[in-house]
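Written below as structure tokens is the structure these notes are about.
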Number of protein chains: 2
Amino acid sequence: VNSIRTVQEIQDAARGAVFLGAGGGGDPYVGELFLRDQLAKGHAARIIAPADLADDSFVLSIAGVGAPTVLVEHLVSARTLLTLLKASEQHYGRKVDALISAEIGGANSMFPLALGALAGLPVVDGDGIGRAFPSLEMTTFSIYGLAATPSVLVDDSGNSVVVHTKSNRVAERVIRNVAVSLGATIYGSFYPMSGLDAKRFAVAGTLTQTLEIGRAIRECRERCADPVQGFLQALRDPKGIRHCRLLFDGKITDVVHETRGGWHFGQATLESTRSDGPGGAGGRLVVDIQNEYLVARRDGRTVAVVPDLISVLDRESAEPLTAEMLRYGQRVAVVGYSAPPELRRPESLAVCGPRLFGLKEDFVALEDIPE
Amino acid sequence: VNSIRTVQEIQDAARGAVFLGAGGGGDPYVGELFLRDQLAKGHAARIIAPADLADDSFVLSIAGVGAPTVLVEHLVSARTLLTLLKASEQHYGRKVDALISAEIGGANSMFPLALGALAGLPVVDGDGIGRAFPSLEMTTFSIYGLAATPSVLVDDSGNSVVVHTKSNRVAERVIRNVAVSLGATIYGSFYPMSGLDAKRFAVAGTLTQTLEIGRAIRECRERCADPVQGFLQALRDPKGIRHCRLLFDGKITDVVHETRGGWHFGQATLESTRSDGPGGAGGRLVVDIQNEYLVARRDGRTVAVVPDLISVLDRESAEPLTAEMLRYGQRVAVVGYSAPPELRRPESLAVCGPRLFGLKEDFVALEDIPE
């Protein structure tokens, strides 16, 4: 795509971003509202492929930081985003040429588009992960050696913090705590990089992917008797690189949520309602949450685990649900979707594999797990 | 004084700083070692009276931030202090003309002297409080409207953070959390101010006071049969502005310590061992701690409360003890010392009075409480 120019495109992209958010990244709704407002004023961000970036251009990631449960309660302010851009350019001592999402999943897909529309800056069709993850250092940028800082952080009250750390893990800890100190909603600039680095390290095409996924869900809803099954068909990759499958079909019988230390922790338990679905009648699925859905276990056996994506869809409409939207009694379909190949390499699993989330198991690819 | 040039002077100043620290501010021992090392190299900070500052000079507070229990475990590094100065001058865009302590109590009396000796900068004979307090905004600088930020923070590992907040209370929260994130030992520059502001708002003469108090204790130890009583005599203010009294004479029968959220919390319980002391035989004193000794209650009745100073001295040597030094079985004298008059004004009590520490009582001046 070259831009996101219609209300339908904005809604599609937001819906696709929730799917790729794998439960986390926050509801893009606040960003969607903001983009619709910009569109009404005639502003839309131009989208460019990584390949079209000049090697020596200056590319910056823009993201909201905080527990998604808090993030969604605040509206995006044009003033705050422009303050962030101005303070960042001042700190880095140069003009920003293009914006890029650090993570395409959830609300952080929208903020670069919002600032891009506001400030007339192009947004790169790609991101640092192809999904959402709870920690700043869990990006291909970080995995391949780029520094997340210097990072400029601002909030709506005019407070600002500049963080410069020697490691991205320390940056994550400091920035998370600054977010908590400032009431848990801050916007920041991260991973200042050259156009060449963006070309080499970004997961390409993920902005287009949000749009395509969102559109597929919308169209299946309009045309298919079973939108979830229709969407799974649409998601199938003819090249066989990315895999998807239905993990569970059932009803949420228990869900716990907790916001702690700037994160949203939780667990959802589902019971099967169909004898013809995976797990059969009486089966049980438990999904662990740290902002994102980390692991899904069916009757005690892992059926999908990070960095592969787990998404929960409303059973009737196939609408993807963020983790904080899950409620007792909801009928849902749980879908597994393999991570971008970049994230499944050993160097990536050392940064965002299951053990980094405290899980006592190694990564197994979705397609290698018996159905 | 014009400088602190002998090992004995350094030791006296450190001892006096512990007394004025009222249990908090951290053990100045690491700063003392550093100063002795500087002295051996022929470096000593020049001390200047606030009145000798040019109105348009640039004065900066330098302080360590973190729970004192953590602060004392780390040695001061010359490289870190010089990095702090350089990063601060770069951020503020001007050369620092003089350093000042934000709080004279505890270790933060030493860091400006250490950096002053290292960098050849004079240190102002005064501070922002005349004692130690657990929060950054509890200073006369803050009470009279100066901003604590922009603040430059550095640690020994080369990490740095610049904080710019709209209020000093928010600054305290952010900076405390940055300290916790970075392992709880950071050094920072605070309250950038003009020489005129330093003259108008600093509590003057407190560096000289540390030296005089420390010397008095040393001399009483050498000359008096009862050093504690001798020191109380020496502390008596002929002008009648500052008051002191012995609050308790006894043995520590219980003490609890907890480091939480970047602070040291605790409570010490003492039992009287002398029938001729305050409280008589069998009396009981309880002291509440948040970094500093906040309130002393004898048999349930308040006998001294913040911002007045409470100090605990070793019963035999009259050596002042920081809160984290208190141990079961120690024989101690507890002394009350009235706060500088600046801190007892209504505008000051609104920032550092008993209720700001969660105590359910109003301030009563030491000298107005029946003995």
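Just a few scattered comments:
- Separation of alpha-carbon centers, region A:99-163 and region A:9-47, rounded to whole Å: 15 Å
- Probe 1.4 Å, accessible area per residue of region A:149-208, Å²: 29 Å²
- Note on B:S167/A:Y29: beta-carbon distance plugged into 1/(1 + (r/R0)^6) with R0 of 25 Å gives a FRET efficiency of 0.25.
- Between this copy and the others, label points of A:D55 are 5.8 nm apart in ascending order, each placed 7 angstrom from Cα in the Cβ direction.
- Per residue accessible area of region A:330-371, 1.4 Å probe, in Å²: 46 Å²
- Between A and B, accessible area buried - total, square angstrom, nearest 100, 1.4 angstrom probe: 1400 Å²
- Note on region B:111-165: the C-alpha convex hull projects to 5.0 nm² when averaged across all orientations.
- Principal axes of region A:79-183: Cα extent on each, largest first, Å: 31, 31, 26
- What separates the A:S275 label point from its copies, with the point 7 Å along Cα to Cβ, is 9.2 nm, written shortest first.
- Computed FRET value (nearest 0.05) for A:R46 with A:R79, which takes r as the C-beta separation and R₀ as 22 Å: 0.45
- Residues of region A:160-178 that bury at least 40 Å² of accessible area when the other protein chains are present, relative to the chain alone (probe 1.4 Å, heavy atoms, ligands and nucleic acids excluded): A:S160, A:V161, A:V162, A:H164, A:K166, A:V174, A:N177.
- Candidates A:I62, A:I310, A:I213, ranked by Gaussian network fluctuation over chain A, Cα under 10 Å, top entry: A:I213
- Under the convention that each Lys and Arg Cβ holds +1 and each Asp and Glu Cβ holds -1, the size of the dipole of the protein assembly as shown around its Cα centre is about 160 debye.
- Rel. contact order, % - alpha carbon contacts under 8 angstrom, at least six apart, region A:301-369: 39 percent
- Checked against a 26 Å cut-off, the cross-linked pairs B:K95/B:K199; A:K166/B:K86; A:K166/B:K166; A:K199/A:K360; B:K95/B:K166; A:K95/A:K199 give Cα-Cα distances beyond that limit for A:K166/B:K166; A:K199/A:K360.
- Separation of the A:A350 and B:D254 label points, Cα + 7 Å toward Cβ, nm: 5.2 nm
- 7 Å along Cα→Cβ, label-point gaps from B:K95 to other copies, nm, shortest first: 3.6
- Gaussian network model of chain B, Cα within-10 Å springs - most flexible of B:P354, B:P134, B:P238: B:P238
- Extension gain (nm, one decimal) between A:I241 and A:V1, 0.36 nm per residue minus Cα-Cα: 84.2 nm
- Compared with the alpha-carbon gap, the fully stretched path from A:Y328 to A:L196 is longer by 42.8 nm at 0.36 nm per residue.
- Relative contact order [Cα under 8 Å, 6+ residues apart], chain A, whole percent: 20 percent
- Axis angle, to the nearest 10 degrees, between helix B:78-92 and the longest C-alpha principal axis of chain B: 60 degrees.
- Within the accessible area of the protein assembly as shown (1.4 Å probe), percent carbon and sulfur: 49 percent
- Förster radius 35 Å - calculated FRET efficiency between A:A119 and A:D226, Cβ distance, rounded to 0.05: 0.25
- Separation of alpha-carbon centers, region B:236-265 and region B:185-211, rounded to whole Å: 24 Å
- Rg and Dmax, both from the Cα atoms of region B:197-269 and both in Å, are 17.0, 46.
- Coordinate range along principal axes, alpha carbons of region B:154-286, Å, largest first: 54, 39, 27
- Computing Rg and the Kirkwood Rh from the Cα coordinates of chain A gives a ratio, Rg/Rh, of 0.95.
- Take every pair of alpha-carbon atoms less than 8 Å apart whose residues are at least six positions apart; their mean separation over the length of region A:90-249 yields a relative contact order of 20 percent.
- Note on the protein assembly as shown: the C-alpha convex hull projects to 35.8 nm² when averaged across all orientations.
- Region B:340-364 versus region B:294-332: alpha-carbon centroid distance in Å: 19 Å
- Most mobile of A:D226, A:D288, A:D237 in a GNM of chain A (Cα contacts under 10 Å): A:D237
- Ranked from largest, the principal axis spans of the Cα set of region B:1-152 equal 35, 32, 29 Å.
- Over the C-alpha trace of region A:135-206, radius of gyration and Dmax come out as 12.9, 37 angstrom.
The values are calculated or read from the model by the stated rules, or taken from the named source; none is laboratory data. Keep in mind that what you see is a predicted model, and the values were worked out from it rather than measured. In this analysis, Cβ positions are derived from the backbone assuming ideal geometry, glycine residues included, and neighbour counts consider all displayed protein chains. Accessible surface areas use protein heavy atoms only, side chains included; no ligands, DNA or RNA. Shrake-Rupley method; radii C 1.70, N 1.55, O 1.52, S 1.80 Å.
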